[in-house]
Amino acid sequence: MPLPHVYSVAEITACIKRLIEGSRDLQEIWVRGEVSNFRPSSRHLYFSLKDENALLSCVMFESRKKSLRLALSDGMEVVARGNIGVYGARSRYQLYVEEILSVGRGVLYLKFEQLKEELKKAGYFDPERKSPLPYLPRAVGVVTSATGAAIRDIIRVLEDRFPNLRIVLAFCRVQGEGAAEEIAQAIQDLNDYGEVDVIIVGRGGGSLEDLFAFNERGVAEAIYKSRIPIVS
């Protein structure tokens, strides 16, 4: 009777490493959890992500650490992007982190990326869908807030460059509850009006949270369905 093959520890670890790192399900993933055991070094960042049921070891190498915009500390809830791999010397699987976002920003970012991918597959971004901009518009519609610096800046620039231009204003909320619906409705109202050559949809600066109304599906669909070219 032939003797069974006896694996070395290194062989077992190498086999597990191939299985884990060869799985597409474990590459380019996002993981949400609470930072624990945070141990910064002069070069790399070592920490764990945990929830009520499990703990995942993580490492962020120096090359990626340079892009980190958060001051990590134990107890923070974050969303991390990376690849699951195996550290052979200790036979330990861990997340090799490429990017870390605070949980609020991370959830919004993931929502945005998911919607963008869905719209891309549906053909919303196909080049042939883009409408050409008029060389010298006679009338421009503006979708923005009635207050704030954005409307003043837009009007000033338009009047400086096109003194005889007619400006049609469609005011709406640009952040907060219901803002996305109002932006979409303002775009539709200008299409129904029909007497502008191009529409500007915009607002002043702000955080990802402040700007997120412009990333909602309803706004994307209103832009997609618009018969009038839109600049945003």
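No lab work stands behind these numbers, since they all come straight from the coordinates. Everything numeric here is computed off the predicted structure, so don't read it as measured data. Backbone-built Cβ (ideal geometry, glycine too); neighbour counts: all protein chains shown.
Binning at 10 angstrom from zero up to the longest distance, how are the C-alpha pair distances of the stretch 9-118 distributed in percent?
Each 10 Å bin holds this share of Cα pairs: 14, 43, 33, 9, 1.
Any idea what angle helix 149-161 forms with the longest principal axis of the chain, computed on alpha-carbon atoms, 0 to 90 degrees, nearest 10?
60
Would you calculate, for the chain, the mean residue ellipticity at 222 nm contributed by helices, counting each DSSP H stretch of 4 or more residues as -39,500 (n - 2.57) and dividing by all residues, to the nearest 500?
-10000 deg cm²/dmol
Return the distance in nm (one decimal) between the two label points of a simple spin-label model at L133 and N83, each offset 7 Å from Cα along Cα→Cβ.
A separation of 3.9 nm, rounded to one decimal place.
If packing is taken as the average count of other Cβ atoms within 10 Å, what order do 120-133, 28-41 fall into, highest mean first?
28-41, 120-133
Could you rank the peptides 47-56, 213-222 by their average count of other C-beta atoms within 10 Å per residue, with the highest value first?
Packing order, densest peptide first, comes out as 213-222, 47-56.
Please list 3J(HN,Hα) in residue order for the stretch 116-131, calculated via the Karplus relation 6.51 cos²θ - 1.76 cosθ + 1.60 where θ = phi - 60°; whole Hz, with x for glycine and proline.
4, 5, 4, 5, 4, 5, 7, x, 5, 9, 4, x, 5, 7, 6, 8
Angle between the Cα long axis of helix 179-193 and the longest principal axis of the chain, 0 to 90 degrees, nearest 10?
For helix 179-193, the angle is close to 40 degrees.
With charges only on Cβ, +1 for K and R and -1 for D and E, what is the dipole size of the stretch 1-131 about its Cα centre, in debye, rounded to 20?
I would put it at about 360 debye.
With +1 on each Lys and Arg Cβ and -1 on each Asp and Glu Cβ, and nothing else charged, work out how big the dipole of the chain is about its Cα centre, in Debye to the nearest 20.
Charge dipole, the chain, about its Cα centre: 780 debye, nearest 20.
Hey, what did the chain get for relative contact order, percent, Cα under 8 Å, at least 6 apart?
Relative CO of the chain lands at 15 percent.
Nearest 10 degrees is fine. How inclined is helix 9-21 to the longest principal axis of the chain, computing both from alpha carbons?
That helix lies at roughly 20 degrees to the long axis.
So for the stretch 115-170, averaging the separation of alpha carbon pairs under 8 Å that are six or more residues apart and normalising by length, what relative contact order in percent results?
39
Which residues among the stretch 84-110 fall inside the zone where the amide N is under 20 Å from a point 7 Å beyond the Cα of V6, along Cα→Cβ?
none
On a 22 Å Cα-Cα criterion, which of the cross-link pairs K66/K111; K120/K225; K130/K225; K116/K225 come out too long?
Correct reply: K66/K111.
Can you find, among P132, V196, P163, the residue farthest towards the positive end of the dipole of the stretch 131-231? Put +1 on the C-beta of Lys and Arg, -1 on that of Asp and Glu.
Positive-most Cα among the choices belongs to P163.
For the stretch 131-231, give the magnitude of the charge dipole about the Cα centre (Cβ charges: +1 Lys/Arg, -1 Asp/Glu; no others), in debye to the nearest 20.
340
Which label belongs to the value computed from this structure, given these candidates for P(r) over Cα pairs in 10 Å bins from 0, in percent: [x] 7, 23, 23, 20, 11, 5, 4, 4, 2, 0; [y] 7, 23, 22, 17, 15, 10, 4, 2, 1, 0; [z] 7, 29, 28, 18, 13, 5, 1?
Computing P(r) over Cα pairs in 10 Å bins from 0, in percent and matching it to [x] 7, 23, 23, 20, 11, 5, 4, 4, 2, 0; [y] 7, 23, 22, 17, 15, 10, 4, 2, 1, 0; [z] 7, 29, 28, 18, 13, 5, 1 gives [y].
Once label points are set 7 Å from the Cα along Cα→Cβ at both R227 and F112, what is their separation, rounded to one decimal in nm?
If labels sit at R227 and F112, their model points lie 3.3 nm apart.
Considering only DSSP beta bridges where both residues belong to the chain, give the percentage that are antiparallel (nearest 5).
65
Under the classification rounded if a/c is under 1.5, otherwise prolate if a/b is larger than b/c and oblate if not, where does the stretch 142-232 fall, given a ≥ b ≥ c as square roots of the Cα gyration tensor eigenvalues?
oblate
Can you give the FRET efficiency to the nearest 0.05 for A71 and R24, using r as the Cβ-Cβ distance and R₀ = 35 Å?
0.60
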